[in-house]
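Step one of this worksheet: look at the structure below.
The values are calculated or read from the model by the stated rules, or taken from the named source; none is laboratory data. Treat the numbers as computed from the prediction; the structure is a model and nothing was measured. Every residue, glycine as well, gets a Cβ built from its backbone with ideal geometry; the counts of neighbours run over all protein chains shown.
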Amino acid sequence: MKVVSVSENTVVVLFEQKISQQVAAQVLKLKQLIDAELADYVIDIVPSYASIHLSFNLRKINHQGFVDKLETITDIVLNAAEDDTHDGQQKLIEIPVYYGEEVGLDLHEMTESTGLSIEQIIQMHHQKTYRVFALGFSPGFAFLGSVDQPIAVPRKETPRLSVPKGSLGIAGEQTAIYPFDSPGGWNIIGRTPMNLVDYNQHPPCEFEVGDSIKFNPISKQAYLDLGGEF
């Protein structure tokens, strides 16, 4: 773990560069300490898979002063026992998903590439609880991991020009829901009727880094009853 200066009021904390629950827990632990100890100085904080991007107020603290305080906190995380950083998840969010073939646009293609049946793909996907590793690409787009290796198929070679809002996709070891209609190259296996972003509430996004996500399969009728569209 090291602190790297990006500009006069911006730094990045780099962790071990891999996707893992342990690193994610360290990222979340450090973010929580920063929120508690350095909130008076921080303008913006963006946690990700294995890094935290920070901007701070130069009117309140100079660059070296902020780095010194930040390095003191990073030492706490580095020296913490694994048990102290393991429980970094914040809340469990359950999301209803219709895994029907009408909305699972790539289910048939995935059966060919994996050798699994549609039922096996669906079962393997929804039986796990996933972690929010990062937010990005578009508002409310949460990068979740990690899917089981048998269904960890790569991104599509040719992205779609438009992926319907609520679509649930897989790309490698990651899975995610498209909060809005947008271009995208993930393999689509289902769709949720749940609205993931609401600009009338604060915060507008349902997810935070560190949250746990559980996908609950629902029937076609339940999907429609909850406001789902085809």
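Return the total of residues in the range 192-230 being of a type outside the set (A, V, I, L, M), in contact (Cβ under 8 Å) with a residue 60 or more places away in the chain and not in a loop (DSSP other than H, G, I, E, B). Residues meeting the conditions: 8.
Please determine, by comparing only the residues of the range 12-40 that are small (Gly, Ala, Ser) and buried (at least 19 other Cβ atoms within 10 Å of the Cβ), which one is nearest to Val132 (Cα to Cα). So the residue we want is Ala24. Within the set Asp40, Asp35, the sole residue that is charged (D, E, K, R) and not in a helix (DSSP H, G or I) turns out to be Asp40. Taken over the range 43-67, the criterion of being in contact (Cβ under 8 Å) with a residue 12 or more places away in the chain, loosely packed, with under 15 Cβ neighbours inside 10 Å and not in a strand (DSSP E or B) is satisfied by Asn57, Leu58, Lys60. Residue count for the range 161-182 satisfying the condition of being part of a strand (DSSP E or B), surrounded by fewer than 22 Cβ atoms within 10 Å (Cβ to Cβ) and more than 14 Å from the chain's Cα centre (by Cα): 4. Residues in the range 139-158 that are out of contact with any helix residue (DSSP H, G or I) (no Cβ under 6 Å at 6 or more places or on another chain), surrounded by 13 or more Cβ atoms within 10 Å (Cβ to Cβ), assigned to a loop (DSSP other than H, G, I, E, B) and touching a residue at least 24 places away in the same chain (Cβ under 8 Å): Pro139, Gly140, Phe141, Ser146, Val147, Arg155, Lys156.
Only a single item in (1) among the β-branched types (Val, Ile, Thr); (2) at pLDDT 95 or above; (3) assigned by TED's automatic domain parsing to the domain that holds Ser7 is not met by Ile76, and it is number (2).
Out of everything in the range 183-204 that is surrounded by 17 or more Cβ atoms within 10 Å (Cβ to Cβ) and modelled with pLDDT under 95, what residue ends up being nearest to Ser113 (Cα to Cα)? This residue is Leu196.
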